[in-house]
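Undergrad: Structure in structure tokens, see below.
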Amino acid sequence: MRVLALASVFAFACGSATPAPPPPSNHGGTPGGGHEHLASIERTACFGWCPIYKLTVYRDGVVEYDGDSYVKTKGKATGQLTVEQLTAIDELFQKNGYMGFADTYTDASVTDMPSVHTSYSAGGKTKSIQHYLGDQHAPEQLSTVEEGLDHIVQVERWIGTEDEREKMGRH
């Protein structure tokens, strides 16, 4: 009986506990909305040793990486960006007019190329673009965004350098 009484008290205490508030965002997010999507990039396979991975950046600075093939780090990894890096990502997408691009650039002008899928969220809107790198009609600024995002998050820490990836492709 005593065990039953203690179990009842424990259940009541757990059920009525107020959850702790989420940590505040360090990049101007709304309270409780700190872990909101900022940008993502996913690179797909090609005829060769193109790195295959997905990377998501959140406005609180958290970076989630998932490497598949021709990358130094396979599987999941995480990182943390600074406020300056987060600001640089916002500026990269905005300066290059990302929100005004078409949703797809998938013409196979050149074959055996990888695709890059990106997305960006700002002002309550999210834009996603599918870009086949063999599409010669895609705006140059889109490639600038793709390469710039990789550079800002320092993706080579997970995928390795071009030389490292080439060696992986020969094995």
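Undergrad: Take the residues in the stretch 148-171 that are closer than 15 Å to Y70 by Cβ and outside any helix (DSSP H, G or I); name whichever of them is modelled with the lowest pLDDT.
TA: Restricting attention to the stretch 148-171, the residues satisfying the condition of being closer than 15 Å to Y70 by Cβ are 150, 155-156, 158-171.
Then drop every residue that is not outside any helix (DSSP H, G or I), which leaves 155, 160-161, 171.
On the way: V155: 98, G160: 94, T161: 90, H171: 59.
Once the filter is applied, the top-ranked residue is H171.
Undergrad: Here is a further query. Can you name the residue in the stretch 68-92 that is among the basic types (K, R) and not in a strand (DSSP E or B) and is also nearest to the chain's Cα centre (by Cα) among such residues?
TA: Looking only at the stretch 68-92, we keep the residues that are among the basic types (K, R), and these are 72, 74, 76.
Of the ones still in play, those that are also not in a strand (DSSP E or B) are 72, 74.
Details: K72: 17, K74: 16 Å.
Checking each candidate, the answer is K74.
Undergrad: Consider K95 carefully, then state whether it is basic (K, R), surrounded by fewer than 18 Cβ atoms within 10 Å (Cβ to Cβ), more than 16 Å from the chain's Cα centre (by Cα) and more than 15 Å from I41 (Cα to Cα). Break it down stepwise before answering.
TA: On the way: basic (K, R): yes; surrounded by fewer than 18 Cβ atoms within 10 Å (Cβ to Cβ): yes; more than 16 Å from the chain's Cα centre (by Cα): yes; more than 15 Å from I41 (Cα to Cα): yes.
Yes, satisfied.
Undergrad: Out of (1) over 24 Å from F47 (Cβ atoms); (2) in contact with a strand residue (DSSP E or B) (Cβ under 8 Å, 6 or more places away or on another chain), the odd one out for I129 is which?
TA: For I129, the failing item is (1).
Undergrad: Right, something else. Given the criteria assigned to a loop (DSSP other than H, G, I, E, B) and either of a type in the set (V, I, T) or within 15 Å of the chain's Cα centre (by Cα) (or both), does V63 qualify? Lay out the reasoning, then the answer.
TA: Values: assigned to a loop (DSSP other than H, G, I, E, B): no; either of a type in the set (V, I, T) or within 15 Å of the chain's Cα centre (by Cα) (or both): yes.
Taking the combined requirement at face value, the residue does not satisfy it.
Undergrad: Further, regarding this structure: For the subset of the stretch 132-147 comprising residues that are closer than 19 Å to T44 by Cβ and assigned to a helix (DSSP H, G or I), which member is nearest to the chain's Cα centre (by Cα)?
TA: E146
Undergrad: Please count how many residues of the stretch 62-86 are in contact (Cβ under 8 Å) with a residue 40 or more places away in the chain and of a type in the set (S, T, Y).
TA: Residues of the stretch 62-86 in contact (Cβ under 8 Å) with a residue 40 or more places away in the chain: 63, 65, 67, 70-73, 77, 79, 81, 83, 85-86.
Imposing the further condition that a residue be of a type in the set (S, T, Y) reduces the set to 65, 70, 73.
So the count comes out to 3.
Undergrad: While we're on this one: Tell me the residue from K76, K125 that is surrounded by fewer than 17 Cβ atoms within 10 Å (Cβ to Cβ), over 25 Å from G160 (Cβ atoms) and at pLDDT 95 or above, please.
TA: Values: K76 fails: over 25 Å from G160 (Cβ atoms).
After ruling out the rest, the residue left standing is K125.
Undergrad: Additional query: Can we say Q94 is over 28 Å from G48 (Cα atoms) and without any contact (Cβ under 8 Å) to a residue 60 or more places away in the chain? Steps first, answer last, please.
TA: Values: over 28 Å from G48 (Cα atoms): yes; without any contact (Cβ under 8 Å) to a residue 60 or more places away in the chain: yes.
So Q94 fits the description; yes.
The values are calculated or read from the model by the stated rules, or taken from the named source; none is laboratory data. As the structure is a computational prediction, the values presented were derived from the model and not from experiment. Cβ coordinates were reconstructed from backbone atoms using ideal geometry, including for glycine residues, and neighbour counts include every protein chain displayed.
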